[in-house]
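A.B. asks: Quick one: the structure is below, questions incoming.
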Amino acid sequence: MPIIELRGIKRHYQVGDIVVKAIRGLDLTVEKGEFVAIMGPSGSGKSTLMNTLGCLDKPTAGTYILDGIDTSKATVDDFAEIRNEKIGFVFQGFNLLSRTTAIENVELPMFYSRKMAGHDERERAIHALEEVGLGKRLYHMPSQLSGGQQQRVAIARAMVTDPAFILADEPTGNLDSEMTMEVMALFQNLNDKGKTIVMVTHEPDVAVYTKRVVTMRDGAIISDVPVTERRRAADDLAAWKEHNALLAGERNT
């Protein structure tokens, strides 16, 4: 059973006397364990698609089946529960609580999850932070962490409830090149362990770390292709650091 199955999805908006057709009869299937990039220019419909996938917006027509649940029949309350149980969100701006430690930020989704009832929230949060390489930063505030580390906290928060898939919206948009490779190496590691990831990005240099690229234009999918020359972010990061070390050595001689 696919994790994501969209059939004939349409999303229209009424703007005055004009009907804006943001998505026009879109079909998309994402299987368990895939790592998919969604790309397209501004106005292509990729943000509307992301909102549909994240159960943040309901389509005008069509069917969205998420991990076996037909969301077209869901109420507003159902949507809230589905988001919390089935989807781990990672945003460009991290969206961490500024006066809350890393571990408390990661614990937060579990307080709203029926699935997590009776589980040791603190233990699960520690494990999630250790998995993203922040086992020694549990009690740091966001202001004490780099941008890449803050995004790692956000990723730990997204996966702590063991969602059906992670939905990442421009997760490297606020990061420099080195931190981008760090975060993409982490996503690749999670995907290697079986986690399904759907990532919206406008950067081809980031999409090359995924397994499949879906490109949108004018509310439709114009291409859906596997990444044939996929790069490993960990290897690129190591090469980047080696190059910078050589440059630093040359400057000091």
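The values are calculated or read from the model by the stated rules, or taken from the named source; none is laboratory data. Model, not experiment: these values are computed from the prediction. Ideal geometry is used to build each Cβ from the backbone, glycine not excepted, and the neighbour counts take in all protein chains shown.
A.B. asks: Give the residue that is nearest to residue 43 (Cα to Cα), with candidates limited to residues of the stretch 187-202 that are within 11 Å of the chain's Cα centre (by Cα) and either without any contact (Cβ under 8 Å) to a residue 24 or more places away in the chain or outside any loop (DSSP other than H, G, I, E, B) (or both).
C.D. replies: Looking at residues that are within 11 Å of the chain's Cα centre (by Cα) and either without any contact (Cβ under 8 Å) to a residue 24 or more places away in the chain or outside any loop (DSSP other than H, G, I, E, B) (or both), I get 200.
A.B. asks: Within the stretch 218-250, restricting attention to residues that are in contact with a helix residue (DSSP H, G or I) (Cβ under 6 Å, 6 or more places away or on another chain) and of a type in the set (Gly, Ala, Ser), which residue is surrounded by the most Cβ atoms within 10 Å (Cβ to Cβ)?
C.D. replies: Result: 233.
A.B. asks: Here's something else I'd like to know. Go over the candidates 46, 10, 86 one by one and state the one that is closer than 15 Å to residue 220 by Cα and surrounded by 17 or more Cβ atoms within 10 Å (Cβ to Cβ).
C.D. replies: 46
A.B. asks: Return the pair list, or none, for Cβ contacts closer than 8 Å from residues in the stretch 142-153 that are in contact (Cβ under 8 Å) with a residue 24 or more places away in the chain to residues that are surrounded by fewer than 19 Cβ atoms within 10 Å (Cβ to Cβ) and acidic (Asp, Glu), at least 6 apart or on different chains.
C.D. replies: Sorted first by the residue in the stretch 142-153, then by its partner, the pairs are 147/176; 148/178.
A.B. asks: Is it the case that residue 105 is polar (S, T, N, Q), under 23 Å from residue 196 (Cα atoms) and at pLDDT 90 or above?
C.D. replies: So residue 105 fits the description; yes.
A.B. asks: While we're here: Are any residues in the stretch 1-32 within 15 Å of residue 62 (Cβ to Cβ), in contact with a Pro (Cβ under 8 Å, 6 or more places away or on another chain) and not hydrophobic (A, V, I, L, M, F, W, C), and if so, which ones?
C.D. replies: 10, 11, 29
A.B. asks: Test residue 200 against the stated conditions and say whether it is crowded, with 21+ Cβ neighbours inside 10 Å and either out of contact with any strand residue (DSSP E or B) (no Cβ under 8 Å at 6 or more places or on another chain) or closer than 24 Å to residue 128 by Cα (or both).
C.D. replies: Taking the combined requirement at face value, the residue satisfies it.
So that you can scan it fast, the table gives a plain yes or no per residue for (1) surrounded by 24 or more Cβ atoms within 10 Å (Cβ to Cβ); (2) assigned to a loop (DSSP other than H, G, I, E, B); (3) at positive phi:
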site: 140; (1), (2), (3): no, yes, no
site: 148; (1), (2), (3): no, no, no
site: 151; (1), (2), (3): yes, no, no
site: 154; (1), (2), (3): yes, no, no
site: 179; (1), (2), (3): no, no, no
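A.B. asks: Would you confirm whether any residue within the stretch 167-177 is at pLDDT below 95, over 11 Å from the mean Cα position of the chain (by Cα) and either buried (at least 23 other Cβ atoms within 10 Å of the Cβ) or in a helix (DSSP H, G or I) (or both)?
C.D. replies: Yes, some residue in the stretch 167-177 is at pLDDT below 95, over 11 Å from the mean Cα position of the chain (by Cα) and either buried (at least 23 other Cβ atoms within 10 Å of the Cβ) or in a helix (DSSP H, G or I) (or both).
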